[in-house]
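Participant: I'd like to ask some things about the structure below.
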Amino acid sequence: MEFLDLAPIRRVAGTVKLPGSKSISNRALLLAALAEGETRILDLLDSDDTRHMLTALRQLGIDCAPEGPALRVRGAGGVFKVKSAELFLGNAGTAFRPLTAVLALCGGDYRLSGVARMHERPIGDLVDALRGLGAAIDYSGAAGYPPLHIKPAAINPNATVSVRGDVSSQFLTALLMALPLAGRQTTIAVEGELISKPYVEITLNTMRRFGVEVARTGWSAFTIPTGAGYRSPGELWVEGDASSASYFLAAGAIGGGPVRVEGVGRASIQGDVRFAEALEQMGARIAMGENWIEASAPAGGKLRAIDADFNHIPDAAMTIAVAALFADGPCTLRNIGSWRVKETDRIAAMATELRKLGASVEEGADFLRITPPASGLASGVAVDTYDDHRIAMCFSLAALGGVPVRINDPQCVNKTFPEYFEVLSQISR
């Protein structure tokens with residue numbers, strides 16, 4: 001399907017059971033593959049990104065098979081036994097970065113590649129850190145970017161390895177997940193401000209479930225203990241995807257509601273549940289339980305403009321940029337520079353598509369300022385999605401402005417939420 005036409009949506013209300021978290025799913029798959037024992041993973045996300053991870057793990061000799069409602073993973077009990085493989089990982093950063101680090105410690109010959117956009121996403125800081133441990137990694141294309149060729153090498157963990165924290169938290173996540181394979185104490189020192197801290201919390205929480213406790217000094221140093229090794233927890237449930245929750249919660253805040261999402265709540269380990277706080281700042285009415293969140297429009301009907309730092313929830317912040325179209329004044333999203341190196345340059349892409357709908361947008365190196373149109377959204381706009389699942393999903397909310405919206409390349413949502421548009425239609429009136 002080349003495009004999807006969304007009719008104007010008058011109101012939204014209902015309950016949505018969220019698909020599994022992409023961030024937790026791919027972390028759980030990799031750690032289950034490295035662990036001693038067999039792990040049953042329930043509510044695993046089925047999407048392009050998790051399929052790329054599963055395909056790679058099977059190529060690396062891991063037995064992964066459905067077992068009733070679960071996926072059973074028989075772990076390798078350490079490094080992968082397969083010592084030569086060519087892995088295609090699409091545009092899945094949650095697969096590409098951690099697998100790069102893990103395979104660098106496996107003593108084999110591996111080639112990793114992805115789609116064209118993956119080859120434009122930086123990985124040099126992670127490669128530099130791994131080379132500092134003795135890894136042999138060559139760039140098969142432009143220096144600092146995939147594709148990569150990992151060669152056999154003797155890893156000699158230093159007392160400390162450094163990695164930049166201000167480009168992508170996935171570099172730190174990759175080192176954290178890989179270094180227990182080295183068998184000795186290693187400290188990771190983070191250079192600069194660590195962005196997207198909640199995603200590192202997901203990593204630490206998932207590692208803990210698999211028996212590895214990381215000591216940390218604030219957000220500047222993380223120590224893997226000597227003798228650390230992954231052990232299966234037996235069974236692991238994947239909570240709902242908090243980033244995906246943002247679209248439905250925003251829909252409730254814009255289009256009346258109430259809309260309830262099930263699968264995340266107060267007990268969630270995902271930082272993106274704090275999206276609900278941002279909506280509350282905009283005047284939305286929010287209720288929350290251990291495993292659910294509910295959003296309704298403000299009592300006065302109109303969202304309030306906000307000026308806020310979104311470094312902690314960069315993915316969910318894209319939804320705030322579209323909600324800004326319905327605010328009572330200009331909204332400023334700050335500290336979102338990481339958008340530049342995601343599935344596309346999200347700052348440039350969001351600015352372009354918001355302008356199509358009639359907004360005035362000021363774009364900076366790491367911020368967006370969005371002034372909603374004075375006379376309603378432009379009608380009949382065709383939104384380009386840049387092969388970026390989150391752009392497709394968040395701009396679907398423009399239909400709540402009482403105008404038809406065309407979403408180009410809607411199947412890009414397969415990356416994390418293949419059924420997104422069907423679920424949205426179920427709560428729409």
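Participant: Which of THR223, THR94, THR385 moves the most in a Gaussian network model of the chain with Cα springs under 10 Å?
Facilitator: THR223
Participant: Taking LYS83 as the anchor, which aspartates and glutamates have their alpha carbon closer than 20 Å to its alpha carbon, excluding any fewer than eight residues away along the same chain?
Facilitator: Within reach: GLU36, ASP63, ASP109, ASP138.
Participant: On to the next question. Please grab the % of Cα pairs in segment 41-98 that end up more than 15 Å from each other.
Facilitator: The calculated P(r) of segment 41-98 puts 53 percent of pairs beyond 15 Å.
Participant: Would you compute, from DSSP H runs of 4+ residues alone, the mean residue ellipticity of the chain at 222 nm, taking -39500 (n - 2.57) per run and dividing by the full residue count, rounded to the nearest 500?
Facilitator: Calculated at 222 nm, the ellipticity per residue is -8500 deg cm²/dmol.
Participant: Evaluate the charge dipole of the chain about its Cα centre and quote only its size in Debye, nearest 20, assuming +1 on the Cβ of each Lys and Arg and -1 on the Cβ of each Asp and Glu.
Facilitator: 400 debye
Participant: Something else about it: Checking a compactness column here: for the chain, what do you get for Rg(Cα) / (2.2 N^0.38 Å), N being the number of residues?
Facilitator: Scaled against compact globular proteins, the figure is 0.97.
Participant: Between ALA365 and ARG429, what is the label-point separation in nm under the 7 Å Cα-to-beta-carbon projection?
Facilitator: Going from the ARG429 label point to the ALA365 one covers 4.8 nm.
Participant: Please work out how much length the chain gains when fully extended from ASP109 to GLU290, using 0.36 nm per residue of separation minus the C-alpha to C-alpha distance, in nm with one decimal.
Facilitator: 60.6 nm
Participant: Straight-line reach only, C-alpha to C-alpha below 19 angstrom: list the aspartates and glutamates that LYS17 could link to, leaving out same-chain residues fewer than 8 apart.
Facilitator: Reachable aspartates and glutamates: ASP43, ASP46, GLU239, ASP241, GLU262, ASP272, GLU290, GLU294, GLU419, GLU422.
Participant: Can you tell which of LEU57, PHE210, GLY271 lies farthest toward the positive end of the dipole of the chain, using +1 and -1 charges on the Cβ of basic and acidic side chains (Lys, Arg; Asp, Glu)?
Facilitator: Checked the options; the winner is PHE210.
Participant: Still on this structure: What number do you get for segment 314-429 when its Cα radius of gyration is normalised by 2.2 N^0.38 Å, N = residues?
Facilitator: Scaled against compact globular proteins, the figure is 1.00.
Participant: For ASP345 and HIS149 in one chain, what is 0.36 nm times their gap in residues minus the Cα-Cα distance, to one decimal in nm?
Facilitator: Full-extension gain reported as 68.0 nm.
Participant: Could I ask something else about it? State the extension gain, in nm to one decimal, for the chain segment bounded by THR217 and ARG117, taking 0.36 nm per residue of separation less the distance between their alpha-carbons.
Facilitator: 32.5 nm
Participant: Quick one: P(r) of segment 48-207 from all Cα-Cα pairs, 10 Å bins, percents rounded to integers, in order of increasing distance.
Facilitator: Histogramming segment 48-207 at 10 Å steps yields 11, 41, 38, 10, 1 percent.
Participant: Tally the DSSP beta bridges in the chain and give the antiparallel ones as a percent, rounded to 5.
Facilitator: Roughly 65 percent of the DSSP beta bridges within the chain come out antiparallel.
Participant: Which net charge results for the neighbourhood of ALA35, defined as the other residues with beta-carbon distances under 11 angstrom from its beta-carbon, given Lys and Arg at +1 and Asp and Glu at -1?
Facilitator: +1
Participant: Taking the chain as the reference, fit the longest principal axis to its C-alpha atoms, fit the long axis of helix 314-323 to the helix C-alpha atoms, and give the angle between the two in degrees, 0 to 90, nearest 10.
Facilitator: Helix 314-323 and the main axis of the chain meet at about 10 degrees.
Participant: At q = 0.13, 0.16, 0.22 Å⁻¹, what log₁₀ I(q)/I(0) does a Debye calculation on the Cα points of segment 89-184 give, no solvent, two decimals?
Facilitator: -0.37, -0.57, -1.12
Participant: Going through the cross-link list LYS342/LYS415; LYS22/LYS197; LYS356/LYS415, which pairs have a Cα-Cα distance over 18 Å in this structure?
Facilitator: Correct reply: LYS356/LYS415.
Participant: How large is ³J(HN,Hα), in whole Hz, for each residue of segment 173-188 in order, when computed from phi with the Karplus curve 6.51 cos²θ - 1.76 cosθ + 1.60 and θ = phi - 60°, using x for Gly and Pro?
Facilitator: 4, 4, 5, 4, 6, 7, 5, x, 6, 6, x, 9, 5, 9, 9, 9
All of the numbers you see were taken from the coordinates with simple rules; none came from a lab. Not measured: the values here are computed from a predicted model. For neighbour counting, all protein chains shown are included, and Cβ atoms are generated from backbone atoms with ideal geometry for every residue, glycine included.
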